[in-house]
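Notes follow once the structure below has been shown.
The values are calculated or read from the model by the stated rules, or taken from the named source; none is laboratory data. Given the structure is predicted, the values throughout are model-derived calculations rather than measurements. Using ideal geometry, Cβ is built from the backbone for each residue, glycine included, and neighbour counts are taken over all protein chains shown.
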Amino acid sequence: MNMKMNLLRCPACGATAPADIQPNAQFRCPACGSVLVLTDTQSVDQLLCARCQTINDAANRFCVSCGSALQVNCPFCYTPNETNAVYCIRCGAHIQKALQRKNAWLAEKKQNDVERRAAWQQALAQERRADLERLLEQLDEPSQHTFAIYCLREYGSDAVEPLIKLLRDDDPDARFGAAHTLGLIGDTRAIPELVKALSDPEPAVRWWATDALGKLNATNVLEPIRKLLKDRHSGVREHAARVLKQLTAAHASDS
C-alpha cells in the first residue's frame, strides 16, 4: 500500500494522523484520543467495531460479531459518529460531554415529570373527594336526588363506603337517597347495612333498601325481607313481595 501518511486525518477530530502508523494496527489519535485502525481493506462504506475490531458495513448500527453499537448520534446535530469518537465530525461538539449533559437533563426532566404527575394526581384526588362530599350533601334534598344519584353511581366503588355511612344519617331523605344509589352501584359491601335499613322508621328508606337488596341479588337475606310483608305501609309490602319473589326464584336456581 503506497500512501502519504501526512494526508491521513482522524475521522473524529480531523487532526493529521501520526506518520509512523502501521496498516491493520490500532493506534490512538494524538489530538482527541480516538482509537483508530488504518486498514488496507476498510473503505468509507465500512465501520470498524471499537470493541472487537470487526469491519462492518457502514449501514450497520450494531456489530455483526459482538453486537456492540457502531455509531452514536451527536446530541446537537444528530450526525452519526463512531462510538469512540470524542468530537463530532460535523459540528465539532465534544460528544461524551454533550451526552453526559443531555442524560443529566433527561434524568432531571424525568424526576420533574414524576413529581408533577404526583402533584396532579393528588390535586385530582382532592378535587374528587370534594365533589363526592358535595354530591352526598345533595342527597339531603329530594329535588336534587336525580342528578346526585346519577353522579354518585358514576363514582362506583369509591362512593360505597360514604353511602353506607349515610344510611345512618339523621336526615331520612339522605338515607333513602343512599339506599337508592347503593342499589344502582351494586356493591355487595352494602348488604349488611341495607338489611338494617329494612327496619328504618321511614317507609321510603325501607322501600329503597328492599329494592337495593333485590338489585344486589341478596338471596341470603330472604327472612328480613319476608318480615316486610306485614309492613304497615302498603307500598313497602307490595315491593317486598315483588323482590322476595325475585330472590326466591334466584335462590332456587342457584340451588
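Filtering the stretch 152-167 to residues that are surrounded by fewer than 16 Cβ atoms within 10 Å (Cβ to Cβ) and either of a type in the set (S, T, N, Q) or touching an Asp or Glu at 6+ places or on another chain (Cβ under 9 Å) (or both) leaves G156, S157, K165. Is one or more of the residues making up the stretch 47-57 in a loop (DSSP other than H, G, I, E, B), more than 20 Å from G92 (Cα to Cα), modelled with pLDDT under 70 and not acidic (D, E)? No; the residues of the stretch 47-57 include none that is in a loop (DSSP other than H, G, I, E, B), more than 20 Å from G92 (Cα to Cα), modelled with pLDDT under 70 and not acidic (D, E). Kindly list the number of the only condition in (1) in contact with a helix residue (DSSP H, G or I) (Cβ under 6 Å, 6 or more places away or on another chain); (2) free of Cβ contacts under 8 Å to residues at least 40 places away in the same chain; (3) closer than 26 Å to A130 by Cα that fails for T188. The single condition T188 does not satisfy is (1). Within the stretch 195-214, can one find any residue that is among the small types (G, A, S), at pLDDT below 95 and under 35 Å from the mean Cα position of the chain (by Cα)? No - not one qualifying residue is present in the stretch 195-214. Within the stretch 122-135, is even one residue farther than 30 Å from T181 by Cα, surrounded by 13 or more Cβ atoms within 10 Å (Cβ to Cβ) and of a type in the set (A, V, I, L, M)? Taking every residue of the stretch 122-135 in turn, none turns out to be farther than 30 Å from T181 by Cα, surrounded by 13 or more Cβ atoms within 10 Å (Cβ to Cβ) and of a type in the set (A, V, I, L, M). Does at least one position in the stretch 87-97 carry a residue that is more than 40 Å from the chain's Cα centre (by Cα), of a type in the set (V, I, T), at pLDDT 80 or above and under 22 Å from I21 (Cβ atoms)? Within the stretch 87-97, one or more residues are more than 40 Å from the chain's Cα centre (by Cα), of a type in the set (V, I, T), at pLDDT 80 or above and under 22 Å from I21 (Cβ atoms).
In the stretch 200-242, the residue that is farthest from L184 (Cα to Cα) out of those that are polar (S, T, N, Q) and surrounded by fewer than 16 Cβ atoms within 10 Å (Cβ to Cβ) is S234.
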